Amino acid sequence: MKNFEKKTSRKQQPAKRAALTGALAASLIMLPGILGGTPALAQKAEQESLSYGELIKKIDNKEVKRVELDETDQLARVYLNGQKQGEQPIQVRLLEQNSELINRLREKNVDFGEAPSANSKAAVGLLLNLMWILPLVALMLLFLRRSSNASSQAMNFGKTRARFQMEAKTGIKFDDVAGIEEAKEELQEVVTFLKQPEKFTAVGARIPKGVLLVGPPGTGKTLLAKAIAGEAGVPFFSISGSEFVEMFVGVGASRVRDLFKKAKENAPCLIFIDEIDAVGRQRGAGIGGGNDEREQTLNQLLTEMDGFEGNTGIIIIAATNRPDVLDTALLRPGRFDRQVIVDAPDRKGRLEILKVHARNKKVDPSVSLELIARRTPGFTGADLANLLNEAAILTARRRKDGITQLEIDDAIDRLTIGLTLNPLLDSKKKRLIAYHEIGHALLSTLLENADPLNKVTIIPRSGGVGGFSQQILNEEMIDSGLYTKAWLHDNIIMTLGGKAAEIEVFGEAEVTGGASNDLKVVTNLARKMVTMYGMSELGLVALENQSSDVFLGRDWMNRSEYSEEMATKIDRQVREMAVVCYRKARQIIRENRALLDRLVDLLVEQETIEGEQFRKIVSEYTQLPKKQQLVVSG
């Protein structure tokens, strides 16, 4: 027995030596900080800011006294003439290349130089600290190399792969997140929970265990998580749902245990799980049963979040765009106490997002961000960022000094429709496309409840688009999803206007298949009016739900919600609705044939007609509906 105890103590000696070495290293690392440390800097007060273009103007007007350039933080600190002594400088966000600014400063004889950054000072201090511990680090590496072996490498396979930061430096704050104010307020409260828990515990409130961010792709879920990490100032773990599950059984559950073990050691802290639907799908469903490894991982996650042992001080933030596939046990209170909907922004939200992304871009003063926000209903934050980036690329390609409204319009068309191709030659095909697009545009102008025309063009686009008729969409109706029967009816008539114009001008024998996509839109709208909105003779019944894709977490076949007899009635109602709207479209085209021919001749000549010019010509032949008159007067 004594021999066994001696052998055991000998085996433990390398581990003890490594522990003592680690403690000594930690004490030596802390010693320089204790002796030469400086108190933490207080938070900087909010400073005034200028845009890049405004700075250039002030330099030209000789209003700038001195400029300090901080290339590390991409900022310029500007001191203006007449500024009081001790007053904070104005901050301007720089571009990646600032040759124009430097040349302008030299031309105007403005004093400028490079400002020392906090990172460089920290780097010098770090190098001084490293000089104390380099010999000790070499000694530690020698011990670790001798003690490590193949078995220890195998044991690390089940360790978590979460990225850990003691203080997350994401560079994102809540000020950098715009357009989703409701979601920001919910998450700012989580930050307050971590910083000032006594404010809530004093009245009996407990810290939420989990927050689930739900929304379409590109709405800013991951950006919100970065903002929380940047604001909270607590240890932060980030991992993707797909990093838990491996081909080996038990690895996912082991990684979940290791993640929460490290989180408890660093509590209070945040855990961010991106795309949690990869590991949190419903259990025991799908073809061939569930995935045992994934289900074990999910079971372990459920236990760690709210099981027999508590996890006080740990807040889990997860993001997904597929909440319908998540297991119900994961969504109950006590695990994810809050579900924050991060939806596509409204007009006001889009305007705020555009202001954020326009900070570091040279935008011409004539550009109206309000107009851009009005023209982009349904755009997410990622879409708007991409829009301004595409406009900046077009500006650089055209060798302009700043982004103008023309680049913005071209970027919107490029993202929504496609790349511009070479214009068509004057031929029969060009005139046929012109009649088709004028048919759409004319009906959208003459119908009372249709959305007004923005522009019509026959310049081809990538993807087989020969031309298009673009409307100014009703933002309130699209954002709310409350479509009126009159709007749906007129929209079907307008969509059939292209085919109606082709048949009225060229006849049945010369009609083309260019309206195939229009017919799909018409069928989809008419079917929704019959089966979902109760806008037909079948009565106030919902015969279908929103279509959902088949996947392994659901049933294989969609269950039919009505009989074959009802299916025949639905098909008959959809066809009758399309036929009635098609006859109405042909009637309007027939009654305005002279106006149609004049607009086609103008479109063939100009290749693009703006909405204002189009409505002015139409008003010479007939009286515009009240809705179109309001557009003209506005």
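Show the residue pairs meeting these rules: Cβ distance below 6 Å; 6+ apart or different chains; first residue within segment 468-488 and within 30 Å of Arg431 (Cβ to Cβ) and at pLDDT 75 or above; second residue charged (D, E, K, R) and not in a helix (DSSP H, G or I).
Close Cβ pairs (under 6 Å, with a partner that is charged (D, E, K, R) and not in a helix (DSSP H, G or I)) amount to Gln470/Lys455; Gln471/Asp451; Ile472/Asp451; Leu473/Asp451.
What's the number of the only condition in (1) free of Cβ contacts under 8 Å to residues at least 40 places away in the same chain; (2) touching an Asp or Glu at 6+ places or on another chain (Cβ under 7 Å) that Glu605 fails to meet?
Of everything listed in (1) free of Cβ contacts under 8 Å to residues at least 40 places away in the same chain; (2) touching an Asp or Glu at 6+ places or on another chain (Cβ under 7 Å), Glu605 misses just condition (2).
Any chance you could count how many residues in segment 50-72 are part of a loop (DSSP other than H, G, I, E, B), without any contact (Cβ under 8 Å) to a residue 60 or more places away in the chain and out of contact with any helix residue (DSSP H, G or I) (no Cβ under 8 Å at 6 or more places or on another chain)?
Let us first name the residues in segment 50-72 that are part of a loop (DSSP other than H, G, I, E, B), namely 51, 61-63, 71-72.
Next, from what is left, pick out any that are without any contact (Cβ under 8 Å) to a residue 60 or more places away in the chain: 61-63, 71-72.
Then keep just the ones that are out of contact with any helix residue (DSSP H, G or I) (no Cβ under 8 Å at 6 or more places or on another chain); that gives 61-63, 71.
Going through segment 50-72 one residue at a time, the tally reaches 4.
Determine, yes or no, whether Ala450 is on the phi < 0 side of the Ramachandran plot, assigned to a loop (DSSP other than H, G, I, E, B) and of a type outside the set (Phe, Trp, Tyr). Reasoning before the result, please.
Working: on the phi < 0 side of the Ramachandran plot: yes; assigned to a loop (DSSP other than H, G, I, E, B): yes; of a type outside the set (Phe, Trp, Tyr): yes.
So Ala450 fits the description; yes.
When the residues of segment 202-245 are narrowed to those that are farther than 23 Å from Pro323 by Cα and not aliphatic (A, V, I, L, M), which ends up surrounded by the fewest Cβ atoms within 10 Å (Cβ to Cβ)?
Going through the qualifying residues, I end up with Gly204.
For the subset of segment 444-480 comprising residues that are buried (at least 20 other Cβ atoms within 10 Å of the Cβ) and aliphatic (A, V, I, L, M), which member is farthest from the chain's Cα centre (by Cα)?
Selected residue: Leu446.
When you check Thr303 against the structure, is it touching a helix residue (DSSP H, G or I) at 6+ places or on another chain (Cβ under 7 Å), in a helix (DSSP H, G or I), among the hydroxyl-bearing types (Ser, Thr, Tyr) and modelled with pLDDT of 85 or more, yes or no?
Details: touching a helix residue (DSSP H, G or I) at 6+ places or on another chain (Cβ under 7 Å): no; in a helix (DSSP H, G or I): yes; among the hydroxyl-bearing types (Ser, Thr, Tyr): yes; modelled with pLDDT of 85 or more: yes.
When the stated conditions are applied, Thr303 does not pass them.
Given the residues Glu293, Glu370, Glu309, which is the only one that is outside any helix (DSSP H, G or I), of a type in the set (D, E, K, R) and without any contact (Cβ under 8 Å) to a residue 60 or more places away in the chain? Full working, then the answer.
Working: Glu293 fails: outside any helix (DSSP H, G or I); Glu370 fails: outside any helix (DSSP H, G or I).
After ruling out the rest, the residue left standing is Glu309.
So which residues in segment 201-227 are under 26 Å from Gly307 (Cα atoms) and touching a residue at least 40 places away in the same chain (Cβ under 8 Å)? Steps first, answer last, please.
Of segment 201-227, the ones under 26 Å from Gly307 (Cα atoms) are 201-214, 225.
Residues satisfying the conditions are Ile207, Pro208, Lys209, Gly210, Val211, Leu212, Leu213, Val214, Ala225.
Condition check ((1) assigned by TED's automatic domain parsing to the domain that holds Gln471; (2) under 30 Å from Asp306 (Cβ atoms); (3) hydrophobic (A, V, I, L, M, F, W, C); (4) surrounded by 14 or more Cβ atoms within 10 Å (Cβ to Cβ)) across all residues:
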{"residue": "Asn321", "(1), (2), (3), (4)": "no, yes, no, yes"}
{"residue": "His357", "(1), (2), (3), (4)": "no, no, no, yes"}
{"residue": "Leu371", "(1), (2), (3), (4)": "no, no, yes, no"}
{"residue": "Asp383", "(1), (2), (3), (4)": "no, no, no, yes"}
{"residue": "Ile412", "(1), (2), (3), (4)": "no, no, yes, yes"}
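Test Leu224 against the criterion of being within 19 Å of Leu354 (Cβ to Cβ), out of contact with any Gly (no Cβ under 7 Å at 6 or more places or on another chain), modelled with pLDDT of 80 or more and among the hydrophobic types (A, V, I, L, M, F, W, C), and give yes or no. I'd like the intermediate steps shown before the answer.
Numbers: within 19 Å of Leu354 (Cβ to Cβ): yes; out of contact with any Gly (no Cβ under 7 Å at 6 or more places or on another chain): yes; modelled with pLDDT of 80 or more: yes; among the hydrophobic types (A, V, I, L, M, F, W, C): yes.
Yes, satisfied.
All but one of (1) closer than 19 Å to Glu54 by Cα; (2) assigned to a helix (DSSP H, G or I); (3) modelled with pLDDT under 80 hold for Glu96; which doesn't?
Only one criterion in (1) closer than 19 Å to Glu54 by Cα; (2) assigned to a helix (DSSP H, G or I); (3) modelled with pLDDT under 80 is unmet by Glu96, namely (2).
The values are calculated or read from the model by the stated rules, or taken from the named source; none is laboratory data. Predicted, not measured: the structure shown is a model, and the values here were computed from it. Glycine also receives a Cβ, built like all others from the backbone with ideal geometry; neighbour counts cover every protein chain displayed.
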